[in-house]
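The structure under discussion appears below in the form of C-alpha cells.
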Amino acid sequence: MTIQEILSLCRKPGRYIGREKNAYHKPWESVPVRTACIFPDLYEIGMSHLGLQILYDIINRLSWALSDRVYCPDTDMEGLLRHHNMPLFGLETRRPLSDFDCLFITLPYELCYSNIFTILDLSGIPFFHRERDGDSWPLIVGGGSCCLNPEPVADLFDAIVIGDGEEVVVEILEVLGRSGKKDRANGELLQDLSSIPGIYIPSCYQPAYGRGKRFEGMECRDGDEKRVRRRLIPELKKSFSPVFPLVPNVQVVHDRLGVEIARGCTRGCRYCQASTIYRPVRERDLDDILSITAQGLDATGWEEISLLSLSTGDYTAIAPLILELMDTYVSKNISVSLPSLRVGTLTPEIMEQIRRVRKTGFTLAPEAGSDRLRMVINKGIAEEDLLDTAASIGARGWNSVKLYFMIGLPTETDEDIMEIVSLAKKVLKAISSSQGKKRGARVTVSVGTFVPKPHTPFQWEAQISVAESRRRIGLIKDGLRGKQFQVKWHDPVQSFLEGIFSRGDRKLSALIHAAWQKGARLDAWTDNLCPEYYGQAAHELDIDLESYLQAIPEDACLPWDHIDSGVKKAFFRLERKRALRLQYTPDCRTNDCQGCGVCDFKDIKPVLAQYKKDRPALSQGSLEKRPDIQPIYCAVSFSRVFDARFLGHLDMVRMFLRAIRRAGLPVAYSQGFHPMPRVSFSQPIPLGMECLRQSAVLVLNEAMKAGEVTQRLNKELPLGIKVKDVEISRTKIKIMPDSRESFLILLRDISQEVAQARIESFLRSSEFYLDVEKKGRKISLDLSKRVETIKQISIQEIDDDQEMYWAKEVLKQVSSTQNSLLRMEILQESPHIKPSDALVGMFQLSSSHMLLARILKI
C-alpha cells in the first residue's frame, strides 16, 4: 500500500502530507549531512513550537546540510503504519528516519517521553544508546527545556544539548560532517562532541545507588567530576529567527506569527523553572523585531502577531513596539496578542492599542489567591493591582478575563484556596462595575497542580497527591458556581506523572519503556492517558512512584546535580529561606544583581533593547473608521485535487485566506470589533474528495484585472489548489448550489466485471433505498430517483484534458491492479447526497474500502 493510500485511511491526513508553505525541499543527494528535527507530540503542537522551527531554519540555511521534520503520529496513523509495515517518514523527503545522519529530538515537556519510543520503534531504530552499535544508526541528539534533568530518558540519547541550541546545533553538524563511519563506530564521534560546550554525553556518566535503591550521585566514567554547563547565546540575533516561517496545513494550537521579543526572565518566581533555565534576560532589538514581523507576515499571510517572551510586558520598549506594530498593521486588519503578561505591565495605553483591530483575550496569572502566598512564591503582585487591571480591562470593552492559579504550593492552606474563590469574585465585580452593569461579565479560573521542578528554590519540596489535588479543586468549583464563572483544571493524574518524571532518575527509562509496551501513548492528551500502565510497570519493576513526590533533604544528592544551569545551588537555598520568611527578592533587571551566578558580565550579561527615545509616545488608539467604498466582486473558480483532498473545508478556507493576504489582494473586511475578510465559498466537499471546480467570491476595495488576480493567487496557493477562472463585477455575485453534480470515480480492488454487474443490478431496480444519517437522525433515500447516470468507462473514453490528467496520475498512486473507473451524475436536492454514500449502497463497500476510492467532482 502506498503512502497516499495510507493517508486516505487516517482520521486527519493533513498532519502528514507536508509541503507546507515555506517548507524547504533540498535534493537528498545534494548535501553530505542529512538531519531530521523531531517533535514528540502531534503536528498541532509541534507546528506551534517556535524552537523547532528555529533549528529547522538554521540547518536548512546551511549549504551543506538539510533538515526534514517529523511529528509523532496519532494512534490511528501508528496502527496503519504498523499494519502495512511502513516506517515513519520525514514530511519533506518521505525517507525513513533510519536513513538520516542525525535526529534532533526536542524534549519540551515530560509527558511526551513515551512518544519517543513510538517514533524510534516505527523507524526501526533501537531505543537505547547501548543497543545502537556500529555505524548504521543515526546520531540521536536531545534538546529542550526538559534537558535540565534529562535522566529519565538519558539512556535513549547519544548526546544531549543543555541550553540554547542556535549555535551548538551547527557545531554538532560540523563534527558530524568531518567524521567518517569509522569514527561513529569506535566512539571518536562522541568524544569529539563532548568537547563542545553544552553537550552532555549520557554514556559517560553512571548513576550510583545505595541502600534501598537510594540515589547517591552521578559518577563520571573517566573519574573526573565534570558538570555540564548550560550553553547560552549572548544575544538574540536577527539570524536566529526563521526567515520564512512555516504555515501549517491544518489548524494548530498557536495559529499565528510568533515573534520572540526576549528570552529569559529575572522576576524570580520561586516555582518557575523557566526563570532559571533561560536566564539572563536578552531582549531583541526593537528594529529587528519590526523587520522580522514584516518579513514573517509577508511570507505567511497570518492575521495575528504574537509577541513571545516569558514576560512580554517587561520588554523595555513594549510601548513604542506595540504602537508601531498597530500603526503599521491596523489598516491590514492584523491584530497583536500578548500571551504572557504580568499584572502591572498591562497598562491602559497598551489595552487601547490592542483593541484597535480586534480584541484578543487576556490571561492574568496571580498564581496564588492570597497576598501571603504570593510573597512565598515571590510573585510580587498585590491584590489591589490585580483588581485595578481587571477594572481597566472591563472599562475598555472586554467582558471576560482568564485567571491562572496553582494549588499545592509550599505552605498553602485551605484558607489560601478560598482566597482564590474570593479573588475571582472580586475580579468579576471589578469588570462589571467598570462597565456599569451587573451581568454579562465572565471569569474563567484555570487551575494546575504545583510540580516541584529541578533548578528552582522549590526543587526540594513535596508535591501533593492526586486525591488532595482533587479535593482542593473541588473547593474552588464549589465556591465558583454560576454562569459567570468557568473553572478549568489540569488533570491531577497528569501532574502526578509530570512530578515523577520531572525529578526522576535513570531508573525511569525502564518504567517508561514498560508502560509504552503496555500501550502508553500521547500522555499529554487526557483522552489518551492511561495511568494504570505506569502503575503496572512500576509494580513489575519494583519502583515506588510516590517516593519521587516526597520532600527531599537539602543535603541529598539530586539526579540533576551534574547539570550546571548557571544558577548556584546556594542561591536556590537562600531563595527557599526567603520564601519561608515571606521575603521578596527584587528583579535584577531594574535593581542590584542578586548573585544567582549566571552572568560573568563579559560575555554573558543582561541585554536590554536599545531604541531611540524620540520615538512617538503611545497614543490613545481606537477602532479606525473605514470609509464607504463601492465594493468590487471577484468570483474565483479553482480546482482542488491530489494532496489537497486531505484538507478539511475549514483548513482549506484558512489556507486560501492566507494566500489572499500573501498575494496582496485588497479584500474588504466586515465592520465591528472582530473584522473578518469578506470572502465566501461554495458548498464544502467531503474530506478525501477532489474537485475540478470550486467557487469563492471575494469582495475587493479596489478594482483589479482578472489575470492579475489569477497570477497572484496561483503563486501563493499550494497543495494542488489552482485558480482556473476569475470574473470581476460591480454587481453582487452569489454562489448558487449545484442542482446536478457529476463525478469521475476510481474504485480500488473491484474488477470491471464485478463493477458492471452491480451497476446493472442497480439500474434494473425500480427502487433502491439507502439509509443515511443527516443531522443526527437516520433517513431513507431512494437512490433510483437521485442517481441519474452511473456507468463504467475506460480511460480512453475521457475526452477532457483535466480529467485525463487526473485519471492517469491517480492510477500511478494506487497499489491495486483491480480497479474500476466510473462516471456518475447525482440530482441534488434536499437532503444532499454524498457520492460516497451512494457508492457504499450500490457496491456494498466497507467504510475502509470507500476511503480508498478516489472521487473527482467535475
Q | Unique residue being touching a helix residue (DSSP H, G or I) at 6+ places or on another chain (Cβ under 7 Å), aliphatic (A, V, I, L, M) and under 24 Å from GLU829 (Cβ atoms) when the list is LEU746, LEU692, LEU719 | A | LEU692
Q: Among the residues of region 685-713, write down those that are small (Gly, Ala, Ser) and assigned to a loop (DSSP other than H, G, I, E, B).
A: GLY688, ALA703
Q: Could you grab the pairs with beta carbons closer than 6 Å, sequence gap of 6+ or different chains, first residue in region 172-197 and within 19 Å of ALA36 (Cα to Cα) and at pLDDT 90 or above, second one of a type in the set (Asp, Glu) and assigned to a helix (DSSP H, G or I)?
A: VAL175/ASP192; LEU189/ASP183
(Q) For region 332-346, check the following and say yes or no: at least one residue is without any contact (Cβ under 8 Å) to a residue 40 or more places away in the chain, assigned to a strand (DSSP E or B) and hydroxyl-bearing (Ser, Thr, Tyr). (A) yes
Q) Looking at LEU97, LEU103, which one is aliphatic (A, V, I, L, M), over 21 Å from the mean Cα position of the chain (by Cα) and within 26 Å of ARG19 (Cα to Cα)? A) LEU97
Q) In the set GLU760, GLU773, GLU741, which member is part of a helix (DSSP H, G or I) and not polar (S, T, N, Q)? A) GLU760
Q. Name the strands (runs of 3 or more DSSP E) wholly within region 109-209 that hold at least 2 residues that are of a type outside the set (Asp, Glu) and in contact with an Asp or Glu (Cβ under 7 Å, 6 or more places away or on another chain)?
A. 139-143, 205-209
Q.
Please verify whether VAL141 is open to solvent by less than 10 Å² (accessible area, probe 1.4 Å), more than 23 Å from TYR534 (Cα to Cα) and more than 19 Å from the chain's Cα centre (by Cα), treating the condition exactly as stated.
A. yes
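One line per residue, one yes/no per condition, for (1) at pLDDT 90 or above; (2) surrounded by fewer than 14 Cβ atoms within 10 Å (Cβ to Cβ); (3) in a helix (DSSP H, G or I):
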site	(1), (2), (3)
ASP799	yes, yes, no
GLN802	yes, no, yes
TRP806	yes, no, yes
THR817	no, yes, no
MET824	yes, no, no
GLU829	no, yes, no
HIS832	no, no, no
Q: Any chance you could count how many residues in region 279-298 are small (Gly, Ala, Ser) and open to solvent by 10 Å² or more (accessible area, probe 1.4 Å)?
A: 2
**Q.** Among residues of region 649-680, those that are open to solvent by 40 Å² or more (accessible area, probe 1.4 Å), among the hydrophobic types (A, V, I, L, M, F, W, C) and without any contact (Cβ under 8 Å) to a residue 60 or more places away in the chain, counted
**A.** 1
(Q) Among the residues of region 522-543, are any within 27 Å of the chain's Cα centre (by Cα) and of a type in the set (Val, Ile, Thr)? (A) yes
Q) Is region 536-548 home to any residue that is at pLDDT below 95, loosely packed, with under 15 Cβ neighbours inside 10 Å and of a type in the set (Ser, Thr, Tyr)? A) no
Q) In region 804-858, what residues are in contact (Cβ under 8 Å) with a residue 24 or more places away in the chain and polar (S, T, N, Q)? A) GLN813, SER815, SER816, GLN818, ASN819, SER820, GLN828, SER836, GLN844, SER848
(Q) Residues to consider are GLY361, GLY369; find the one that is in a loop (DSSP other than H, G, I, E, B), in contact (Cβ under 8 Å) with a residue 40 or more places away in the chain, open to solvent by 40 Å² or more (accessible area, probe 1.4 Å) and within 23 Å of GLY448 (Cα to Cα). (A) GLY361
Q: Please verify whether region 453-463 includes one or more residues that are farther than 30 Å from GLY566 by Cα and surrounded by fewer than 21 Cβ atoms within 10 Å (Cβ to Cβ).
A: no
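For (1) closer than 28 Å to LEU744 by Cα; (2) modelled with pLDDT under 90; (3) basic (Lys, Arg), each residue gets a yes or a no:
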| position | (1), (2), (3) |
| --- | --- |
| PHE572 | no, no, no |
| PRO606 | no, no, no |
| LYS612 | no, yes, yes |
| ARG615 | no, yes, yes |
| ASP651 | yes, no, no |
| ARG654 | yes, no, yes |
| VAL679 | no, no, no |
Q. Is it true that ILE512 is of a type outside the set (Ser, Thr, Tyr), in a helix (DSSP H, G or I) and touching a residue at least 12 places away in the same chain (Cβ under 8 Å)?
A. yes
Q: From ILE3, ILE58, grab the single residue that is among the β-branched types (Val, Ile, Thr) and at pLDDT below 95.
A: ILE3
Q: Can you work out which of the residues in region 718-732 that are surrounded by 13 or more Cβ atoms within 10 Å (Cβ to Cβ) and closer than 9 Å to PHE638 by Cβ is nearest to the chain's Cα centre (by Cα)?
A: ILE721
Q.
Could you tell me how many of the residues in region 681-717 are within 21 Å of PRO631 (Cβ to Cβ) and surrounded by 14 or more Cβ atoms within 10 Å (Cβ to Cβ)?
A. 15
Q) Is it fair to say LYS437 is part of a loop (DSSP other than H, G, I, E, B), free of Cβ contacts under 8 Å to residues at least 12 places away in the same chain and closer than 24 Å to GLY361 by Cβ? A) yes
Q. Given LEU55, LEU122, LEU88, LEU42, which one is touching a Phe, Trp or Tyr at 6+ places or on another chain (Cβ under 7 Å) and open to solvent by less than 30 Å² (accessible area, probe 1.4 Å)?
A. LEU42
Q) Does HIS513 satisfy the criteria of being at pLDDT 95 or above, farther than 24 Å from ALA537 by Cα and surrounded by 20 or more Cβ atoms within 10 Å (Cβ to Cβ)? A) no
Q. Among the residues of region 280-303, is there at least one that is free of Cβ contacts under 8 Å to residues at least 60 places away in the same chain and closer than 27 Å to LEU386 by Cβ?
A. no
(Q) Give me the residue from region 287-320 that is assigned to a helix (DSSP H, G or I), among the aliphatic types (A, V, I, L, M) and modelled with pLDDT under 95 and, out of that set, farthest from the chain's Cα centre (by Cα). (A) ALA319
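The values are calculated or read from the model by the stated rules, or taken from the named source; none is laboratory data. For clarity, every value in this text was computed on a predicted model and none was experimentally measured. Using ideal geometry, Cβ is built from the backbone for each residue, glycine included, and neighbour counts are taken over all protein chains shown. Ligands, DNA and RNA are stripped out before the accessible areas are found, and what is left, the full protein with its side chains, is counted by its heavy atoms. Shrake-Rupley method; radii C 1.70, N 1.55, O 1.52, S 1.80 Å.
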